[in-house]
Structures are given as C-alpha cells and as structure tokens.
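Computed from the coordinates by the stated procedures, all read-outs in this text should not be read as laboratory data. The structure presented is a predicted model; accordingly, all values stated were derived computationally and were not measured. In this analysis, Cβ positions are derived from the backbone assuming ideal geometry, glycine residues included, and neighbour counts consider all displayed protein chains.
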Amino acid sequence: MRVARESIAVRGAPAVQVELKFTRHGPVLWEEGARALALRWVGAEPGTAGYLGSLALDRARNWKEFEAAMPRWKVPSENIVYADREGNIGEHSTGLAPLRKN
C-alpha cells in the first residue's frame, strides 16, 4: 500500500491529520487488521473524465458528428438518444463496465 499523509483544514478547529491509503486496485475505503477494501472504478482510468465525452457530444451538429462522439463517452454509462430535422434517429448504450475475473 502507498500511504499519503494529508492535513485537512477545519473551520473553527485545528486541522485534522489523516492517512490516505492506496493499492494497485484503488483507494482503501475500509481496513480492519490485515484486511482492506479498495475501490476500483472505471471512472478512475485514464481518459475517462465524465466531461470529455459530453464535450464531444455537445459539439455534434449532425448524425456523423454524433456517431464520431460516441466512442469518447466512457462514464457514466448512459443510453444516449439522437434525433435531427433530417429524420435521423438513433440510440447508443455506451460507457465502460469493469471486467472481473471469477
């Protein structure tokens, strides 16, 4: 585990010192004895910031640009619907989902 020590400012009180623990699976949410629970989330993977896909989608002016924007949508998983005045109608169920062994 990698341990980071942080100081958190608290209004009207002394700062609180905390230890943040991280594993290769993500941040540790719970720890008791030799056991720990770490969170791995697809949104923490490189290139998955939620706004990236929405920026590309918001700029789409036609069906071709809508289709080109869809691969950029990573999180959150969504059903995204498109329609325009030219009669194009479509839907994508898009986003990342974890693949877990066992």
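For region 8-102, the residue among G90, I8, G43 whose Cα projects farthest onto the positive side of the dipole built from Cβ charges is I8.
Calculated from DSSP H runs of 4 or more alone, at -39500 (n - 2.57) each and per residue, what is the 222 nm mean residue ellipticity of the chain, nearest 500? Walk me through the numbers on the way to the answer.
On the way: 2 runs with 16 residues, N = 102.
Per the formula, -4000 deg cm²/dmol.
For a modelled paramagnetic label at R59, 7 Å from Cα along Cα-to-Cβ, the residues of region 74-102 in reach, with backbone nitrogen under 17 Å, are 74.
Which GluC sites (Glu not before Pro) from region 18-91 combine a DSSP loop assignment with at most 14 other Cβ atoms within 10 Å?
E86
Taken along the Cα-to-beta-carbon direction at a fixed 7 Å, the label points for R24 and Y51 span 3.3 nm.
The value of relative contact order for the chain, using C-alpha pairs under 8 Å at least six residues apart, is 16 percent. The modelled label-to-label distance for the pair R35/E86, using points 7 Å beyond Cα in the direction of Cβ, is 5.8 nm. The orientation-averaged shadow of the Cα convex hull for region 44-94, equal to a quarter of the hull surface, comes to 3.3 nm².
Between M1 and S77, the C-beta separation translates, for a Förster distance of 25 Å, into a calculated FRET efficiency of about 0.25.
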